[in-house]
1. Restricting attention to the range A:57-73, does a residue exist that is open to solvent by 20 Å² or more (accessible area, probe 1.4 Å) and modelled with pLDDT under 85?
2. Give B:Val278, B:Val297, B:Val270, B:Val239 a once-over and let me know the one that is assigned to a helix (DSSP H, G or I) and within 14 Å of chain A (Cβ to nearest Cβ).
3. Can you give me the number of residues within the range A:62-84 that are in a helix (DSSP H, G or I) and either polar (S, T, N, Q) or touching a strand residue (DSSP E or B) at 6+ places or on another chain (Cβ under 9 Å) (or both)?
4. Take the conditions out of contact with any His (no Cβ under 9 Å at 6 or more places or on another chain) and either closer than 28 Å to A:Val191 by Cα or touching a residue at least 12 places away in the same chain (Cβ under 8 Å) (or both) and apply them to A:Gly280. Does it pass?
5. Given the condition within 14 Å of chain B (Cβ to nearest Cβ), under 30 Å from A:Tyr277 (Cα atoms) and part of a helix (DSSP H, G or I), answer yes or no: does some residue in the range A:447-456 qualify?
6. Residue by residue through the range A:298-329, note down the ones that are of a type in the set (Gly, Ala, Ser) and either within 16 Å of A:Met283 (Cα to Cα) or touching a residue at least 40 places away in the same chain (Cβ under 8 Å) (or both).
7. Any idea how many residues of the range A:64-119 are more than 28 Å from A:Val423 (Cα to Cα) and within 14 Å of chain B (Cβ to nearest Cβ)?
8. So, in the range A:235-284, of the ones that are in contact with an Asp or Glu (Cβ under 9 Å, 6 or more places away or on another chain), of a type in the set (S, T, N, Q) and surrounded by fewer than 21 Cβ atoms within 10 Å (Cβ to Cβ), which residue ends up farthest from the other protein chains (Cβ to nearest Cβ)?
Amino acid sequence: MNKKLMSIILAAGMAVGMMAGCGDFSDQPETSEGGTTADGKTEVIFYHWTPIPEMELMEKTFNETHDDIHLTYKPIPDSPDAMIKMNTMLMANEPMDVTSQWSTDHLQLRVENNLLEGLDQYFEKNGLDYAEVFGSAASEITTINGYHYSMPYANKLYAVMYNKSIFDEAGVAYPEEGWTWDEFDEIAKKVSSGEGVNRVYGTCLMPKETWYYRASLKLGLNAMYKEDGSASNFDDPAFLESLQWLYDLQEAGAQKPFNEFAEASLDANANRTALFYKGGYAMDIVPTFNISNWGSLPDNAHDFEVGIVTMPVEKKGDPLQTMYEFSDLSMVASSKNKDAAFEFMKWYCIERPDVCVAEKYMQPTASYFPSEEIEQICIDKIYSCEGVSTDEMLHAFTSPESEIARIPGFKFTTIATAQSEVVGEMDKQIEQVFFNEKTPEEAIKDLKANADELIAKAK
Amino acid sequence: MATATKLDRHAITNLNRLVAKRSIRRSTLIGWCFLLPSFIGFVIFRFLPIICSFLLGFTEWNLVSGFSGIRFAGIDNFIELFHNDTFLTSLLNTLQYAVIVVPFTVALALIFAVIINDKIHCRSLVRLMIYMPYISSMVAVAMVWTSLYSPNYGPINSVLKSIGIENVPGWITSSNSALPALMIIGVWQAVGYYMVLFIAGLQCIPASLYEAAEIDGANAIQCFFKITIPMVSPTTFFVLINCIIGSFNVFTLVKTMTTGGPGDSTMVTVYYVYEQAVEYNKIGYACSASIILFLFVFIITFIQLKFSDRWVHEG
């Protein structure tokens, strides 16, 4: 065979190989471009970062129960780049009808750039009241310029889980609802024991994520900003008090030292939970999936009972509080099938929490269940775990807003000016406190100055 | 008859030239056919993005706003960069990293290469052990070294304490020692690759030079400085350039082990670019930072090339 022919064949082969590699051989209906499928169904394309196995039941159930709509689920690998990938696809008008975001600052960024569709008209068309269905806390957070741009599908409310065996060995009584942060500290110190590598700590809270808990619960929505959003709010004494609280707990030997986190990758929630189930520490502040999902994993097999109690309060008699975060769905502004997309979102967020939310061991957001059967499936999945009292868990996590006030999580804000950068600056300062390179006062002072500079630049 | 012969020769020469030209054209075409897929890939995925990056460095652009959100910003980004403490710190850290890592890497790689080039026991095994870090996954490397660097229970500090050093460093948990900690890993990982290059360079040195030097009474150290180093200088030049470029591009270690902290003690320029682009969506600003980095590397490489004549012995 002469060289010319061989080179042409080889080059053609490489080109074909490249094209084939870029092709999509997934089992999709004849169009995945947000139009109508070959059998006449309206197609809804849903992008999310949840792996396919966890969404299979949802996709199958929806398609079986909807003759006129075909749902196509497309995952984006869960990584720090997931949001930028999704935003790039949104900008490029990639066929997409429903998507999600990690936090409210992402939501606001997309709304500012006209990437998302307002939902109020669809709620009205379907005879639904947003605040009635999802609660006033969610309604407030998802309202931007007077309109709702996302629907929450899974709540994260926080409670304290504790290892009853460690408490029994230390001779410490179990905490009771209405306990205070001072009692939390005392208990953490009393149940800590041992020395060196085998020391059992009272808590193993991730400092970068929990140092602001008490400030956030005290100050409420938009805690990190002044009321008009023109500057940061880190000069409020609540922040220094909150930081000092966790720092003192570490200095007292009751909180695992932050300089020991890296070697065991304890910055990852899953790894901290694994350490809890190995008996490495006594208490943690967690949402439901840490208990019912991760607590059931074979790698986390444990022989002790887990107690659940509501979060502490500042002083005895104060109303109960918990931090409240959620995951949500949004409709893409360029969607070709908006009514069908809303139909899917309504089904996902309200009508079938048993196949959509319970599979993730998170709490449904709707204030009611469509049927008793669905409610029981959710309870059995989300709040049942060996060694845990379902009643205790239900009470700690599902008491209505009138019993336990839901305070939006620190990063769930309605003001989002330079939020990512302020949080980055916050992580930097806090890290230095828990590595004993700065005092809490110095860190808060620097944080306030730098955060204000970032907010001023962003404005 | 003579004229006809002359004409024949002329015709034959012309014919030969024509055949040669066609042959060259055919070879060129064949070569391009082989090169084309790779070249197209290079242009689309490397060259064009570099050009776009240069252009975007002069704009203000939040990725989420789409192409319609691109605003020309002139040199505002660059002015802001040089007033930004974190960026300036990242430049300084990157320079510090390069100034330490490059000489140590090159020196160690050359020393190991000289030792291994000699006939020592288990030469292949030793060579493999030194080369292994280079081919190991950076994430796995980061995890292992994080454990080694544990300030309270890690083996390194345990050994230091056992030999009487009380004030052991905090390594990646301390601003003072975090960057040196990364430098150690950087040298450890890169030495193997450059050692292999030096071994190849050493094997090109004629043995007769060493024999002549031995006859003249030169010792091992003199041979090393008077023969080995000058003769291996082309390889050294190549290694230096690559090592400098590699050290300016340090990113994975920082991302997996320290994320620029504690504080900004390990913030390097590439990580700063990543942070601005990926986490804060400030594409234009990130591109301008990458232009600054490119200029630094370009200037250093240009200076090296310019002065290479003075010390690179082409033999």
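The values are calculated or read from the model by the stated rules, or taken from the named source; none is laboratory data. Just so we're clear, the structure is a prediction, and the values are computed from it rather than from any experiment. As a convention, Cβ positions derive from the backbone with ideal geometry for all residues, glycine included, and neighbour counts pool all protein chains shown. Heads up: the accessible areas ignore ligands, DNA and RNA and are worked out on the full protein's heavy atoms, side chains in. Shrake-Rupley method; radii C 1.70, N 1.55, O 1.52, S 1.80 Å.
1. The answer is no, given that none of the residues of the range A:57-73 is open to solvent by 20 Å² or more (accessible area, probe 1.4 Å) and modelled with pLDDT under 85.
2. Numbers: B:Val297 fails: within 14 Å of chain A (Cβ to nearest Cβ); B:Val270 fails: within 14 Å of chain A (Cβ to nearest Cβ); B:Val239 fails: within 14 Å of chain A (Cβ to nearest Cβ).
Residue meeting the stated conditions: B:Val278.
3. Here is the first cut: in the range A:62-84, the residues in a helix (DSSP H, G or I) are A:62-65, A:82-84.
Narrowing further to those that are either polar (S, T, N, Q) or touching a strand residue (DSSP E or B) at 6+ places or on another chain (Cβ under 9 Å) (or both): A:62-63, A:65, A:83.
Of the residues in that region, 4 qualify.
4. Numbers: out of contact with any His (no Cβ under 9 Å at 6 or more places or on another chain): yes; either closer than 28 Å to A:Val191 by Cα or touching a residue at least 12 places away in the same chain (Cβ under 8 Å) (or both): yes.
It is true that A:Gly280 is out of contact with any His (no Cβ under 9 Å at 6 or more places or on another chain) and either closer than 28 Å to A:Val191 by Cα or touching a residue at least 12 places away in the same chain (Cβ under 8 Å) (or both).
5. First, pick out the residues of the range A:447-456 that are within 14 Å of chain B (Cβ to nearest Cβ): A:447, A:449-451, A:453-456.
Now restrict to residues that are under 30 Å from A:Tyr277 (Cα atoms): none.
No, every residue in the range A:447-456 fails to be within 14 Å of chain B (Cβ to nearest Cβ), under 30 Å from A:Tyr277 (Cα atoms) and part of a helix (DSSP H, G or I).
6. The first filter runs over the range A:298-329 and keeps only residues of a type in the set (Gly, Ala, Ser), leaving A:301, A:307, A:317, A:327.
Hits for the range A:298-329 are A:Gly307, A:Gly317, A:Ser327.
7. Let us first name the residues in the range A:64-119 that are more than 28 Å from A:Val423 (Cα to Cα), namely A:64-74, A:92-97, A:119.
Then drop every residue that is not within 14 Å of chain B (Cβ to nearest Cβ), which leaves A:92-94.
Within the range A:64-119, residues that are more than 28 Å from A:Val423 (Cα to Cα) and within 14 Å of chain B (Cβ to nearest Cβ) number 3.
8. Per the criteria, the residue is A:Gln244.
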